[in-house]
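Beneath this line is the structure, given in structure tokens, with notes to follow.
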Amino acid sequence: SVPPSGVSCSGCGAELHCRDRAEPGFVPAEKYRSLTEGPAGAAGLRGAVCQRCWMLAHHGRALRLRLPPEQHREVVSAALRRPPRHGRGPLLLYILDVLELPDPVLPQLPALLAPDVPAAGLLVVGNKVDLLPADSPGHLGRLRQRVVMACTQAGLDRALLVDVRLVSAKTGFGLEGLVSRLQRSWKCTGDVYLLGATNSGKSTLFNTLLRSDYCKSRAPDIVDRATVSPWPGTTLNLLKFPIINPTCERIFRRQERLKEEATKTEDQLSSEEKKYLNHLKKQGYLVGEVGRTFQQQKPSPMFEFDPDMLSYSIDEDPRHSSGKHEERQEFTYNEVKDARWCFDTPGIVKENCVLNLLTEKEVKLVLPTHAIVPRTFILKPGMVLFLAALGRVDYLQGEKPAWFTVVASNLLPVHVSTLSNADAIYEKHAGQELLKVPMGGEERMKEFPPLVPQDITLKGIGTTEAVADIKLSSAGWVAVTAHAEEELLLRAYTPKGTALVVREPPLLPYISTIRGSRIAGTAAYRTKKPPSLVENLKTTVRR
């Protein structure tokens, strides 16, 4: 009987209500009443988060919500079809997960735009480059070319494409360069929309830009951060922050800061900065620092979700809390009357994706959150490689052994067997500890789709260069390296209803060279983790 509040959840943007726990924006009735009974009324909800965001932040749990893919698209499409503000259309900042190339959502982008309100530009950001090891010199340039190729294949207008950048929203790599590019080419001429598939890292990028020189200096104290979680489709409505006007004086001050920071070495950092830098190095191969020129930066890690900033406790009465929400700052009229805004939008759901079949525990194992360590195996014809119980590659025919390099979450197990034993191993161990995902035993596997095969023929180009990647939906991929002119007949499997892609040329063609010595008596090589690279710091030469 209580009408919706008209106030958005500060974590995901959904309208707060207490009517239906299965709908986005739900707040338990007793908490809803306690926050709205005061003189402020519905405004008492300002700064609160819905139950879903609270559970994501405090317990890493995702509540099942009724939000079909078409509704995600409707929210995004309606936002993009708004009449242009300030006399021109928006800049689209499309976030693309480089691990997912070719991006399944990119071809849908033109359909989201109204023909009579074209976007003023498109800047494509290849995210999560920190997770991939450098397989050879110049690997970032090669990755960038692959992103450009994906844009061309998706049919995007080249005249619309402003630039392609590679970043890590999580570790900060490439983000100072992205901010400089946005301020140089777009300045403050219109609104900016962050678009992309679910789990591409949009909300993480939104949170990082909120605490960068791209955002108005007072905004981080007022605007709440988006909920960051590995669960696909976290952002349910539009979140926004005001873009700073990059005047000549501000750009000069920013450049001076960047120059000064570039002269620092790692040894000159404070103990807290070193600790945080080492934390990021464990998470990614590429690390960068995102600073602020116009406001003193807080020492706390800027990338991690801080639930205390934007949530109330389900276990405690918010009226007896520290009063953060009652003393909440607001923008003045002059600050926002002519503001240009950066919007975070809901992720567009990927169809035919294995993540749609998984529980939240399984998703956490499948999605890589730390630098991926490649695992290489040498297989003879008649051998089989399992990636958990989510994918399988059979080496059916060939004259010589070939190398199969798995690029997937370090938490996913890889198991090698013979072709004659493979079916029995899957039947016995799918849902169990050996193959790990899915988890839940026989009952879980009864509802899980069966693996379906696809035959693949490849011709090798040399023992150090992969010929193709076999992408097992979003579970990861297997790079295949074979002797020159050697023909291989393979059979790859993914769960029914998910996409299996043969990616030619491979994303990391020399990935099989990142390995240690062969482990005696097995098909496996010892793993090898390349060192991390820190951006914006002067390299010290140690003797």
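The values are calculated or read from the model by the stated rules, or taken from the named source; none is laboratory data. Remember, it's a predicted structure, so these values are computed and weren't measured experimentally. All Cβ positions, glycine included, derive from the backbone under ideal geometry; neighbour counts span all protein chains shown. Ligands, DNA and RNA are stripped out before the accessible areas are found, and what is left, the full protein with its side chains, is counted by its heavy atoms. Shrake-Rupley method; radii C 1.70, N 1.55, O 1.52, S 1.80 Å.
For region 166-200, a residue qualifies if it is closer than 13 Å to VAL124 by Cα and of a type in the set (Phe, Trp, Tyr), and exactly one does: TYR193. Condition first: at pLDDT 80 or above, closer than 13 Å to THR293 by Cα and not β-branched (Val, Ile, Thr). Can you find one or more residues in region 231-245 that meet it? Among the residues of region 231-245, not one is at pLDDT 80 or above, closer than 13 Å to THR293 by Cα and not β-branched (Val, Ile, Thr), which makes the answer no. LEU435 satisfies every condition listed in (1) within 29 Å of LEU358 (Cα to Cα); (2) touching a His at 6+ places or on another chain (Cβ under 8 Å); (3) open to solvent by 50 Å² or more (accessible area, probe 1.4 Å) except (3). Taking region 342-360 as the range and being within 30 Å of THR189 (Cβ to Cβ) and either out of contact with any strand residue (DSSP E or B) (no Cβ under 8 Å at 6 or more places or on another chain) or open to solvent by 50 Å² or more (accessible area, probe 1.4 Å) (or both) as the test, only PRO346 passes.
Of the residues GLY190, GLY196, the single one that is in a strand (DSSP E or B), surrounded by 20 or more Cβ atoms within 10 Å (Cβ to Cβ), in the same structural domain as LEU286 (by the TED database) and touching a residue at least 60 places away in the same chain (Cβ under 8 Å) is GLY196. Remark: LEU140 falls outside the filter, which requires a residue to be assigned to a helix (DSSP H, G or I) and either aromatic (Phe, Trp, Tyr) or open to solvent by less than 10 Å² (accessible area, probe 1.4 Å) (or both). Checking each residue in region 140-174 for being in contact (Cβ under 8 Å) with a residue 60 or more places away in the chain and more than 26 Å from PRO509 (Cα to Cα) picks out only VAL162.
Among the residues that make up region 190-201, is at least one of them acidic (Asp, Glu) and farther than 13 Å from TYR94 by Cα? Yes - at least one qualifying residue is present in region 190-201.
Restricting to region 1-52, give me the number of residues that are among the charged types (D, E, K, R) and either crowded, with 24+ Cβ neighbours inside 10 Å or touching a helix residue (DSSP H, G or I) at 6+ places or on another chain (Cβ under 8 Å) (or both).
Counting residues in region 1-52 that are among the charged types (D, E, K, R) and either crowded, with 24+ Cβ neighbours inside 10 Å or touching a helix residue (DSSP H, G or I) at 6+ places or on another chain (Cβ under 8 Å) (or both) gives 4.
Here's the yes/no breakdown for (1) basic (Lys, Arg); (2) outside the structural domain of ASP394 (by the TED database); (3) surrounded by 12 or more Cβ atoms within 10 Å (Cβ to Cβ):
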position	(1), (2), (3)
ASN410	no, no, yes
HIS415	no, no, yes
TYR426	no, no, yes
ALA430	no, no, yes
ARG444	yes, no, yes
GLU447	no, no, no
